[in-house]
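Asker: Handing you this structure, nothing more for now.
Coordinate-derived values only; no laboratory data. The model shown is predicted, which means the values in this text are computed figures rather than measured ones. Neighbour counts are summed over all protein chains in view; Cβ atoms, including those assigned to glycine, are modelled from backbone coordinates with ideal geometry.
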Amino acid sequence: MTIDVSGQTIALAAIFQFAAQVEQLAKTGHLAQDEFKVAIDSLLSQNPPNTLAVYGKISHLELGLKTLIDSLKRKPTRSNDCVRYVMGILHLQRRLEKHHDMMDVIGSRLDKSRQQAEHFSRTHENVIASLAEIYSDTISTFSFRIQVMGEYQHLQQSRTANLIRTLLFAGVRSAVLWRQLDGRRLKIILHRNKIVRYAEQLLEEAKREQLH
């Protein structure tokens, strides 16, 4: 059996990254702008030439690669919340792929968000609120919802809530890409060592990028 380890690993790392960022936001209320910009860019990306182009460059996914490696190696450094968010994102993607009408609505509304981003900026509050609203009006209406655990004072802040929804939205979008590349949960188990090896190679590449 052959798999597209390259594309699948990149998309999977993105899912883990956005899940880890959801956890960080929920528990600390903080996430630097350049950290969540990757999620927004991935949502607004149109017709990318390859998987990596969705996220810009591999160093943008350094956190996701580390989180993916630790999780597949079952290291205790990864919390159960992060892994639970990843599993929830994959479940929501499977729900979404059965609702083509919802996918059409999402595509149409993302076009409007892109126009907003051109008028303001990709990380402007209006753009974040717009992306969060798309998630709330579509994916979040499924009977299954991801229960985000964190500090009450952070989760009650509208900006934090919007960022969390946007990150979850980006996670589902990456899960859609992962499935398009023939990603399957069973393959993660069967090819775990192969995925870890490739993720470690990508992580080294990401670190070299950071030095230049």
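Asker: For a test of the definition: using alpha carbon positions, the gyration tensor, and the 1.5 limit on a/c, classify segment 45-91 as rounded, prolate or oblate.
Answerer: oblate
Asker: Could you work out the helix-only [θ] at 222 nm for the chain, with each DSSP H run of four or more residues adding -39,500 (n - 2.57) and the total divided by the number of residues, to the nearest 500 deg cm²/dmol?
Answerer: -23000 deg cm²/dmol
Asker: For segment 84-163, rounded, prolate or oblate, judged on the Cα gyration tensor with a ≥ b ≥ c (square roots of eigenvalues), a/c < 1.5 rounded, else prolate if a/b > b/c?
Answerer: Oblate shape, in that a/c is at least 1.5 and b/c is the bigger or equal ratio.
Asker: Going by average Cβ density within 10 Å per residue, which order do the peptides 107-116, 6-15, 165-174 take, highest to lowest?
Answerer: 165-174, 6-15, 107-116
Asker: What residue among Q93, Q21, Q147 has the largest mean-square fluctuation in a Gaussian network model of the chain, using Cα springs under 10 Å?
Answerer: Ranking Q93, Q21, Q147 by mean-square fluctuation puts Q147 first.
Asker: Explain nothing, just the number: relative contact order of segment 5-211, from Cα pairs under 8 Å at least 6 residues apart, as a whole percent.
Answerer: It comes to 42 percent, rounded to a whole number.
Asker: Please report the spacing between the Cα centers of segment 110-148 and segment 2-78 in Å, no decimals.
Answerer: What the calculation gives is 18 Å, centre to centre.
Asker: Same structure again: Check the chain and count each lysine pair with an alpha-carbon distance under 23 angstrom, considering only pairs eight or more places apart or from different chains.
Answerer: Step by step, the pairs that qualify in the chain add up to 22.
Asker: So, one more: Given axes a ≥ b ≥ c from the Cα gyration tensor, I'd like to know whether segment 140-212 is rounded (a/c under 1.5), prolate (a/b larger than b/c) or oblate.
Answerer: Verdict is oblate for segment 140-212.
Asker: Right, another one. As an exercise, identify the chymotrypsin sites (Phe, Trp or Tyr not before Pro) in segment 121-164 lying in DSSP coil whose Cβ has no more than 15 other Cβ atoms within 10 Å.
Answerer: Within segment 121-164, the qualifying chymotrypsin sites (Phe, Trp or Tyr not before Pro) (loop, at most 15 other Cβ atoms within 10 Å) are F142, F144.
Asker: Still on this structure, I have one more. Using only alpha carbons, build the gyration tensor for the chain and give me the equivalent ellipsoid semi-axes, biggest first, whole Å.
Answerer: Result for the chain: semi-axes of 25, 19, 18 Å.
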